[in-house]
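Asker: Questions regarding the structure given below will be posed in turn.
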């Protein structure tokens, strides 16, 4: 017989679900610093009825963790990211504010501007800037902060950067992404000089016209700089979709290779 009393059910094994943080770089508007944006879903039930929360849902026994996260994102936001990485597991007993304990296996996803631009509006889904978030349900603000911290420490990964800025890209676009992730201004001239000297980039031979500015050279990451084995899996029912699967670095792993070292140096120049 099922227990109907919440206080009794709190002593049962916790429920397990998946929660995701989706990050996208906002389109260029004028000369201001661009920001990272993420979608939130308004809750339609208690606890935290009416508050904003990260996309998520229960874990199904016939789905892997990655498949559950992927399908939850698709059903709540219409997003089907190619980059999905496990972030952390949150399971503090008080995170449900007196409700049934819930363990959330959290993922972070990166999507390009084109992916976001093609989305149809949804009445209970809204995009917010990472520095202008409303109060969030559960411990979701902690989850967002951890995802942003992880992204700042993965600036050493060309594969991660490429998901947000696309390829090919101009140095101006790469600079804008670095500013958005770091959350502060970075001197353009120093950034350009150091990136060109890093050996990470190569010119494609093409150019891009950005407004009234003179055409800018297009770059891509050199072959061999992508920092994982390129393995992937395809969720059931999503044949034709390629999802990058990259193992997460330890939370205390030093960000010490070329791109990260350049970014750190830029901040202290």
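The values are calculated or read from the model by the stated rules, or taken from the named source; none is laboratory data. Computed from a prediction, not measured in an experiment: that's the story for all the values here. As a convention, Cβ positions derive from the backbone with ideal geometry for all residues, glycine included, and neighbour counts pool all protein chains shown.
Asker: Filter segment 64-82 for residues that are surrounded by fewer than 17 Cβ atoms within 10 Å (Cβ to Cβ) and at pLDDT 90 or above; which is farthest from residue 21 (Cα to Cα)? First the steps, then the outcome.
Answerer: Quick first cut of segment 64-82, residues surrounded by fewer than 17 Cβ atoms within 10 Å (Cβ to Cβ) only: 64-65, 75, 78, 82.
After this cut, where a residue has to be at pLDDT 90 or above as well, the list is 64-65.
Numbers: 64: 18, 65: 15 Å.
Of everything passing the filter in segment 64-82, 64 is farthest from residue 21 (Cα to Cα).
Asker: When you go through (1) at pLDDT 80 or above; (2) over 13 Å from the mean Cα position of the chain (by Cα); (3) surrounded by fewer than 16 Cβ atoms within 10 Å (Cβ to Cβ) one by one for residue 136, which number turns out not to apply?
Answerer: All conditions pass for residue 136, except number (3).
Asker: For the structure I just gave you, tell me whether residue 77 is under 23 Å from residue 165 (Cβ atoms) and outside the structural domain of residue 210 (by TED's automatic domain parsing).
Answerer: Numbers: under 23 Å from residue 165 (Cβ atoms): yes; outside the structural domain of residue 210 (by TED's automatic domain parsing): yes.
Taking the combined requirement at face value, the residue satisfies it.
Asker: Here is a follow-up. Criterion first (in contact with a strand residue (DSSP E or B) (Cβ under 7 Å, 6 or more places away or on another chain), at pLDDT below 90 and under 21 Å from residue 121 (Cβ atoms)) does residue 54 satisfy it? Working first, answer last.
Answerer: Values: in contact with a strand residue (DSSP E or B) (Cβ under 7 Å, 6 or more places away or on another chain): yes; at pLDDT below 90: no; under 21 Å from residue 121 (Cβ atoms): yes.
In short, no.
Asker: In addition: If I filter segment 1-17 for residues that are at pLDDT 90 or above, surrounded by 16 or more Cβ atoms within 10 Å (Cβ to Cβ), in contact with a helix residue (DSSP H, G or I) (Cβ under 6 Å, 6 or more places away or on another chain) and assigned to a strand (DSSP E or B), do I get at least one hit?
Answerer: No, because not a single residue in segment 1-17 is at pLDDT 90 or above, surrounded by 16 or more Cβ atoms within 10 Å (Cβ to Cβ), in contact with a helix residue (DSSP H, G or I) (Cβ under 6 Å, 6 or more places away or on another chain) and assigned to a strand (DSSP E or B).
Asker: Take residue 42 and tell me if it is surrounded by 13 or more Cβ atoms within 10 Å (Cβ to Cβ) and over 17 Å from the mean Cα position of the chain (by Cα). So that I can check it myself, show each step before the final result.
Answerer: Details: surrounded by 13 or more Cβ atoms within 10 Å (Cβ to Cβ): yes; over 17 Å from the mean Cα position of the chain (by Cα): yes.
Taking the combined requirement at face value, the residue satisfies it.
Asker: Right, next: From the list 259, 174, 218, which one is modelled with pLDDT of 85 or more and within 23 Å of the chain's Cα centre (by Cα)? I'd like the intermediate steps shown before the answer.
Answerer: Working: 259 fails: modelled with pLDDT of 85 or more; 218 fails: within 23 Å of the chain's Cα centre (by Cα).
Exactly one residue qualifies, and that residue is 174.
Asker: Which of (1) in a loop (DSSP other than H, G, I, E, B); (2) in contact (Cβ under 8 Å) with a residue 40 or more places away in the chain; (3) more than 17 Å from residue 112 (Cα to Cα) does residue 167 not meet, given it meets every other one?
Answerer: In the conditions (1) in a loop (DSSP other than H, G, I, E, B); (2) in contact (Cβ under 8 Å) with a residue 40 or more places away in the chain; (3) more than 17 Å from residue 112 (Cα to Cα), residue 167 misses (3) alone.
Asker: Please find, within segment 83-111, the residue that is nearest to residue 48 (Cα to Cα) out of those that are touching a helix residue (DSSP H, G or I) at 6+ places or on another chain (Cβ under 7 Å) and modelled with pLDDT under 85.
Answerer: Looking at the filtered set, the residue picked out is 99.
Asker: Taking segment 176-186, which residues are touching a helix residue (DSSP H, G or I) at 6+ places or on another chain (Cβ under 7 Å) and either surrounded by fewer than 18 Cβ atoms within 10 Å (Cβ to Cβ) or in the same structural domain as residue 37 (by TED's automatic domain parsing) (or both)?
Answerer: Pass one, segment 176-186, residues touching a helix residue (DSSP H, G or I) at 6+ places or on another chain (Cβ under 7 Å): 177-178, 181-182, 185-186.
Scanning segment 176-186 gives 182, 185, 186.
Asker: Only one of these conditions is not met by residue 209: (1) modelled with pLDDT under 90; (2) assigned by TED's automatic domain parsing to the domain that holds residue 81. Which number is it?
Answerer: The one condition residue 209 does not meet is (2).
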